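Everything below concerns the one structure shown next.
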Amino acid sequence: MKNDKTDIEELLEQGNTIQIHTQGYSMYPMFISGRDEAVIKQAVFADLKRGDVVLYRRKSGILVLHRIWKHKSDGFYMVGDNQTEIEGPLEDSQIKGVLLAFIRNGKYIETTQPFYRMLSRFWLFLRPFRNPIMKTAAGIKKVVQKIRRKER
């Protein structure tokens, strides 16, 4: 019988903590693709809560690192920090690990830090407003860049 698990999943099941570079932009601004690293340990389902970032396997086979939006009796519901669409329900068996810390520019930041927890909750609260916020921020950035070009 073929083993469909990745080395990452096997390492987590063995109780190892792993460190991986993030890819993609679904968790922006928390993770910048290629710059930041995620430190992940095996998930303990009883300890998982809203706002935790978990590594899970989609039914399509892709491993994804997203935040828990909600946990209901039918499973977990996830959302990326740069997304508004909720994904789920996911079965417990799809969840492989939970974010323990992340490394940004060489600095190790644990997810238990109060400031991190506060920002996580705030970002989840803002989910319905993310698109307008991101569009406004992009518009402001364009205006600032235009002003700077004129000043040169």
Inset, instruction - Taking only the stretch 34-64 into account, find how many residues are within 17 Å of GLN83 (Cα to Cα) and either in contact with a Pro (Cβ under 6 Å, 6 or more places away or on another chain) or open to solvent by less than 20 Å² (accessible area, probe 1.4 Å) (or both). - result: 7
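Condition check ((1) free of Cβ contacts under 8 Å to residues at least 40 places away in the same chain; (2) under 20 Å from HIS21 (Cα atoms)) across all residues:
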{"site": "ILE40", "(1), (2)": "no, yes"}
{"site": "PHE45", "(1), (2)": "no, no"}
{"site": "GLY51", "(1), (2)": "no, no"}
{"site": "VAL54", "(1), (2)": "no, yes"}
{"site": "ILE103", "(1), (2)": "no, yes"}
{"site": "ILE109", "(1), (2)": "yes, yes"}
{"site": "MET118", "(1), (2)": "yes, no"}
{"site": "PHE125", "(1), (2)": "yes, no"}
{"site": "GLN145", "(1), (2)": "yes, no"}
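Is there a residue being part of a helix (DSSP H, G or I) and over 22 Å from GLN19 (Cβ atoms) anywhere in the stretch 71-89?
no
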Inset, instruction - For the stretch 3-14, indicate whether the set of residues that are modelled with pLDDT of 90 or more and part of a loop (DSSP other than H, G, I, E, B) is non-empty. - result: yes
Legend entry - Condition check for ILE109: β-branched (Val, Ile, Thr), open to solvent by less than 80 Å² (accessible area, probe 1.4 Å) and under 22 Å from ASP52 (Cα atoms): yes
Inset, instruction - Kindly check whether there is at least one residue in the stretch 101-109 that is farther than 21 Å from ARG35 by Cα and of a type outside the set (Phe, Trp, Tyr). - result: no
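The values are calculated or read from the model by the stated rules, or taken from the named source; none is laboratory data. Computed from a predicted model, the values in this text were never measured in an experiment. Positions of Cβ are backbone-derived with ideal geometry, glycine not excepted, and every protein chain shown enters the neighbour counts. Please note that ligands, DNA and RNA were not included when accessible areas were found on the heavy atoms of the full protein model with its side chains. Shrake-Rupley method; radii C 1.70, N 1.55, O 1.52, S 1.80 Å.
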